[in-house]
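Asks: A single structure is presented below for examination.
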Amino acid sequence: MKTSEGTIDKMKRIPRDHKVRRFHQAKWDEPVIFELSQPGERGVEVPPVEPQIVETVGDCLSQLPDSLRRKKRPNLPEISQYRVIRHYSRISQEVLGSDFNVEIGQGTCTMKYSPKINERFVRSPKMAELHPLQDESTVQGMLEMTYQLDLYLREISGMDKFSFQPGSGTQALFTQASIVRKYHESRGEGEQRNEFITTHFSHPSQAATAAVKGFKIIYVPADENGYPDLEALKELVSERTAAFAVANPEDTGIYNSRIKEFTDVVHAAGGLCCYDQANANGLLGITRALEAGFDMCFFNLHKTFSVPHACGGPATGAIGVTAELAPFLPGPIVDFDGERYFYKRDLKNSIGKVRSFYGVPPAVLRSYAWVRALGADGLKEVAEIACLNNNYLYHKILQIRGASAPYIQGRRLEQVRYSWQQLKEDTGVTTYDVQRRMVDFAHHYWTSHHPYVVPEPFTLEPTESYSMAELDEYIAALTHISQEAYENPEIVKTAPHNSTGHRVLESVLDDPDQWCITWRAYLKKTAQE
Amino acid sequence: MSVQRYAHPYIPNSAPEVKEKMLAEIGFASIEDIFADIPGELRLKEKMNIPKALTEYELERHVNKLMNKNQTTKENISFLGAGCWPHFVPAVCGEINSRAEFVTAYAGEPYEDKGRFQALFEYQSLVAELVDMDVVNVPTFDWAQAASTALRMAARITKRTELLISKNIHPDKLLIIKNYTSPDLTVTLIDFENETGTLDLNDLKAKLTVNTAAVYFENPTFLGSVEVNGQMIADLAHGAGAICVVGVDPISLGVMESPANYGADIVCGDLQPLGVHMHYGGGQSGFIATHDDPTFVMEYPSRLFGIAPTEVEGEYGFGDVAYDRTSFAKREKGKESVGTQTALWGITAGVYLATMGPVGMEEVGQGIMQRSQYAAKQLAAIPGVEAKFAAPFFKEFVIDFTQTGKTVKDINAALLAKGIFGGVDLTEHYPELGQCALYCVTEVHTQEDIDTLVAAMKSIL
């Protein structure tokens, strides 16, 4: 069957010499799910109750006092199963997951490949259908993997014990702050040591979680080279210092070679040192928390250890501590007596708990499998290639007109926080404009955490997962946009053009009279007179 | 031909030719040059003691062997609950939450990750119907942390520091709440009635003060009983100027009244019953709901996704409501902290509610109650075995074995030998109750499962 009228004389190579991807994201224009409701439809049947049960106990609802009996069915939509599937499948196509784009634009988040085999493991009933309070004898496989992963992380960090309970980096930071408080309380200095020192480059949750634990947040400024200022730190520490928390490298990617002097200064003042290892991907098998003088550290299993990000969790921030701090960990902790794996519950100074049960065991399973797929040599290769990729990217980005990488010029490890300051001055195009334009070429791109210490920031972290050709594609897109900014800035400023959605008129989202956080609120607030 | 000439499948640029090309491009002689800033004394000299790499097939064999050491709740008959519950998970939930688009996404913007924003906005909206409130957050870590945040919200709103919490909550949840609310807030426990497991109203009255920020109780309670005095508790709290926070099992809300309709100002709970497998406790996911009152909304630390117009006429858009509240925007000056929590379980709960619909939620609620009452009745008919509390219950109930002369530990060991996971042993956390266990019965249990338990119990006792 002929499908069009066009004809050619001879089959030729189809020209494919465009530098940027001619992308268009799926756009389904799908209604909000409530609009799909058709009374009488249903998506699934509920398991029926046996007649003998009903005979024995009756309808049961009459046992509820009237005040507790639901009067009106919840106003949920009624939709057939296939339509539910189509709705969610369609809107899923309007998500730019890292299986689809070259996800190096979400710096600090280590958007690496999450191996498919590991997804199969966690979806097995042997994982999904376990109850956390089963007898230990029935979960020896799960406990073994947990314990072994603890051993591997000890090798990687030099710490003496890990807990997998925290459900993310933020909760790991909260756990660190909780341990710091409990440690000083155990020494009678809980009231006195109320200052928590960190840097402006630290994750926002660093300061936020320490503040929840009652600490006053003190910032060490960066010096002109991008390092935390050692002399300033010396001035800041005192008998009030509870802890110093820092990443190394920070989001700049600059390794602070004097880190041991920092931890020495803090220890001399009686404080603890907490290592944020969210940026650990470039350090596996290269350098460890222990030698740098840290008392504790944490790894995001959903970053460095390949657990997928799942739109924002479930996840794990595995926290490791020195032997001295092990009794402060949240419990219970998996241990091994040479024959069987079991939970150790007698942690004498434990902070208690931060997450129900043991955290997110599927994340532990995936990480265990990932480490086993790489081995010691492979883990080191991950770090080496991640850093090679980053330096390659760094080298190329600096050649793009309008882009720069503030602070010391030289080597960067896992990532870099770049700046479009020059581009903005020259063309008026901001990092937000570039961000929106990048999606037109199928790329996700992020700015940086607040505050914007680096002006017009963007933070790229290539990890080990993307090929040179893919890095080149990303670079070509940034180069193309820079050129557009200088030649035709309007196309950048009015982006996105090829994405599912367009710019949201956000002012309503900040106005209590207009914001609509649920469909029912939307129906009420927009009711037509 | 050397095998080493090939890259690891997860690391494309470990292919030697590529590596050399990239090094040449940036002017480094070797990979080691990249790490020149790390002082020698900080470099790891020895090789890490981690087993050598497995290929994918070897890995599959190895991990499956370990996983086969686990015995699941599907291979046995399990009556374990206590904060993580077995429920029917429609296949639709697993289909959607395993789509790579959702699994591998993270933090895109509303115009490129529109589907993520929409799915979470819809989840908020669907749970809102269940709890009959207009505001629901993007999920927290779990119920315990949702409760902690709800209590901190109450403290910020009232500018008070004392929290009154029902003693009838999960002991681990209490540990989490205490950790999240110290050092600035204090926790005082309120007793429950020995007969019914419901809150001791006199104890509550005695403990309410002018500094009470919030009263927290759950419905159903941890020990299973339905809290019948919800409105009275809320009235007492409000009378003292405190906020009423109620924790709820959302799968009960097809048949039970929402706490919003008996005085709750903040409702929280766990989404795991709504279409999420137990995952050994990894399925927990918390939610918080309130009315659409800016005093409350502005105290959420969580992301709140809202619907909004876009520059294109007729196009739905979604985005962050009042983003400047959050620690993402304001660090330590924001409300508590926000970050990666359990978004995928929120999306899943939305799929579940859309699939179940209003009738499904009513049927599942009623079916659970019928099965659990049946199980309790059959168990209590065994000589020496008693239902501990004389109060209506939803899916969990306490069985007292004290009169049998046997310990829960021994009974559970004997049940395990018969392929049954008996109820959660309460003797450690509630020694005052005697030899008691918390049994959980839901729509996943057939009459045959329950009868098998009863027969096994008779043979043991």
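The values are calculated or read from the model by the stated rules, or taken from the named source; none is laboratory data. On a predicted model such as this, the values are computed, not experimentally measured, just so you know. Don't worry about glycine lacking a Cβ; one is built from the backbone with ideal geometry, like all the others, and counts go over all protein chains shown. The area values use the complete protein model at the heavy-atom level, side chains included, leaving out ligands, DNA and RNA. Shrake-Rupley method; radii C 1.70, N 1.55, O 1.52, S 1.80 Å.
Asks: How much mean residue ellipticity at 222 nm does the protein assembly as shown get from its helices, if each DSSP H run of length 4 or more adds -39500 (n - 2.57) and you divide by all residues, to the nearest 500 deg cm²/dmol? Spell out each step's value before the answer.
Replies: Values: 29 runs with 343 residues, N = 990.
Computed mean residue ellipticity for the protein assembly as shown: -10500 deg cm²/dmol.
Asks: Just tell me how shielded B:52-60 is by partners: mean number of partner chain Cβ atoms within 10 Å of each residue's Cβ, no decimals.
Replies: Counting other chains' Cβ atoms within 10 Å and averaging over B:52-60 gives 5.
Asks: Oh, and also: Only four residue types carry charge here, +1 at the Cβ of Lys and Arg and -1 at the Cβ of Asp and Glu. Report the dipole size of segment B:91-353 about the Cα centre in Debye, rounded to the nearest 20. Could the numbers behind the result be given before it?
Replies: Details: 18 positive and 35 negative charges, 185 e Å.
That gives segment B:91-353 a dipole magnitude of about 880 debye.
Asks: I would also like to ask the following. Which percent of the accessible area of the protein assembly as shown is formed by carbon and sulfur heavy atoms (probe 1.4 angstrom)?
Replies: With neighbouring chains kept in place, the figure for the protein assembly as shown is 49 percent.
Asks: With point charges of +1 on the Cβ of Lys and Arg and -1 on the Cβ of Asp and Glu, referenced to the Cα centre of chain A, which listed residue (A:PRO132, A:CYS297, A:GLN528) lies farthest in the positive direction of the dipole?
Replies: Farthest towards the positive pole: A:GLN528.
Asks: Between B:PHE318 and residues 5 or more places away or on another chain, which pairs have amide H atoms under 5 Å apart, with H built 1.01 Å from N, and which residues are they?
Replies: B:ALA308
Asks: So if I take the centroid of the Cα atoms in segment B:86-105 and the same for segment A:64-86, what is the distance between those two points in Å?
Replies: First find each Cα centre; the distance between them is then 21 Å.
Asks: Hey, what's chain A come to in accessible area per residue, 1.4 Å probe, Å²?
Replies: 36
Asks: Compare the peptides B:156-165, B:343-352, A:181-190, B:207-216 by average per-residue count of other Cβ atoms within 10 angstrom and give them in order, highest first. Each step should come with its number before you reach the end.
Replies: Values: B:156-165: 19.0, B:343-352: 29.3, A:181-190: 17.0, B:207-216: 20.7.
Output ranking for B:156-165, B:343-352, A:181-190, B:207-216: B:343-352, B:207-216, B:156-165, A:181-190.
Asks: About the Cα centre of chain A, what is the dipole size in debye to 20, counting +1 per Lys and Arg Cβ and -1 per Asp and Glu Cβ, all else neutral? Please report the intermediate quantities before stating the final value.
Replies: Details: 59 positive and 68 negative charges, 207 e Å.
With only Lys, Arg, Asp and Glu charged at Cβ, the dipole is about 1000 debye.
Asks: Same structure, new question: Which residues, if any, in segment B:138-164 have at least 30 Å² less accessible area in the whole protein complex than in the isolated chain, probe 1.4 Å?
Replies: Residues of segment B:138-164 that lose at least 30 Å² of accessible area once the other chains are added: B:PHE141, B:ASP142.
Asks: Determine, for each peptide in A:102-115, B:67-80, B:95-108, the mean count of other beta carbons within 10 angstrom over its residues, then list the peptides with the highest first. Present the calculation step by step, with values, prior to reporting the outcome.
Replies: Values: A:102-115: 24.9, B:67-80: 20.4, B:95-108: 22.1.
So the order, starting with the most tightly packed, is A:102-115, B:95-108, B:67-80.
Asks: With solvent modelled as a 1.4 Å probe, how much accessible area in total do chains A and B shield from it at their shared surface, in Å² to the nearest 100? Spell out each step's value before the answer.
Replies: Values: alone 28180 and 23880 Å², together 33960 Å².
The buried area between A and B, both sides summed, comes to about 18100 Å².
Asks: Is chain A best put as rounded, prolate or oblate by its Cα gyration tensor, with a ≥ b ≥ c the root eigenvalues, rounded for a/c under 1.5, and otherwise prolate when a/b is larger than b/c, oblate when not?
Replies: Because a/c hits 1.5 or more and a/b fails to exceed b/c, chain A counts as oblate.
Asks: Here is a follow-up. Just tell me how shielded B:262-271 is by partners: mean number of partner chain Cβ atoms within 10 Å of each residue's Cβ, no decimals.
Replies: So the per-residue partner count for this stretch is 0.
Asks: Taking the Cβ of B:TRP143 as the centre, find all other residues whose Cβ is under 11 Å away and add up their charges (Lys, Arg: +1; Asp, Glu: -1). It would help to have the intermediate numbers written out before the result.
Replies: On the way: positive: A:ARG355, B:LYS173; negative: B:ASP142, B:ASP172, B:GLU218, B:ASP249, B:ASP270.
With Lys, Arg at +1 and Asp, Glu at -1, the net is -3.
Asks: Between segment A:407-483 and segment B:143-195, how far is it from one alpha carbon centroid to the other, in angstrom?
Replies: 44
Asks: Show me, for segment B:148-154, the HN-Hα J-couplings you get by feeding each phi into the Karplus relation (A = 6.51, B = -1.76, C = 1.60, θ = phi - 60°), rounded to Hz, glycine and proline as x.
Replies: After applying 6.51 cos²θ - 1.76 cosθ + 1.60, I find 4, 5, 4, 5, 5, 4, 4 Hz.
Asks: Excluding ligands, DNA and RNA, what is the solvent-accessible area per residue of chain B at a probe of 1.4 Å, expressed in Å²?
Replies: About 32 Å² of surface per residue is accessible.
Asks: So if I take the centroid of the Cα atoms in segment B:208-273 and the same for segment A:193-246, what is the distance between those two points in Å?
Replies: After rounding, the separation between the Cα centres reads 39 Å.
Asks: Which of A:PHE174, B:ALA455, A:TYR219 sits farthest toward the positive end of the charge dipole of the protein assembly as shown, with +1 on the Cβ of Lys and Arg and -1 on the Cβ of Asp and Glu?
Replies: Checking the options against the dipole of the protein assembly as shown, the answer is B:ALA455.
Asks: Related question: Partner chain Cβ atoms within 10 Å, averaged over the residues of A:380-393 - can you pull that number for me?
Replies: The per-residue average across the peptide is 6.
Asks: Now for a separate question. Report the charge-dipole magnitude of chain B in Debye, nearest 20, computed about the Cα centre from +1 at each Lys and Arg Cβ and -1 at each Asp and Glu Cβ. It would help to have the intermediate numbers written out before the result.
Replies: On the way: 37 positive and 60 negative charges, 269 e Å.
Once rounded to the nearest 20, the dipole reads 1300 debye.
Asks: Please state the shape class of segment A:79-148: rounded when a/c is under 1.5, otherwise prolate if a/b exceeds b/c and oblate if not, all from the C-alpha gyration tensor.
Replies: Working: a/c = 3.42, a/b = 1.39, b/c = 2.45.
The shape class here is oblate.
Asks: Looking at segment B:364-461, which chymotrypsin sites (Phe, Trp or Tyr not before Pro) are DSSP coil and have at most 10 other C-beta atoms within 10 Å of their C-beta?
Replies: When the chymotrypsin sites (Phe, Trp or Tyr not before Pro) of segment B:364-461 are filtered for loop state and at most 10 Cβ neighbours within 10 Å, nothing remains.
Asks: Something else now. Take peptides B:268-275, B:377-384 and line them up by average Cβ neighbours within 10 Å, highest first, as a rough protection proxy. Don't skip to the end; give the middle numbers.
Replies: Working: B:268-275: 29.2, B:377-384: 15.0.
Put in order of decreasing packing, that is B:268-275, B:377-384.
Asks: Then there is this: Name the residue from A:GLN93, A:GLN148, A:PRO115 whose Cα lies farthest towards the positive end of the charge dipole of chain A, charges +1 on Cβ of Lys and Arg and -1 on Cβ of Asp and Glu.
Replies: A:GLN93
Asks: Continuing with this model, one more query. Rounded, prolate or oblate: which fits segment A:142-287 when a ≥ b ≥ c are the square roots of the eigenvalues of the alpha-carbon gyration tensor, with rounded for a/c under 1.5 and prolate only if a/b beats b/c?
Replies: Working: a/c = 1.76, a/b = 1.21, b/c = 1.46.
It comes out oblate by the Cα gyration axes.
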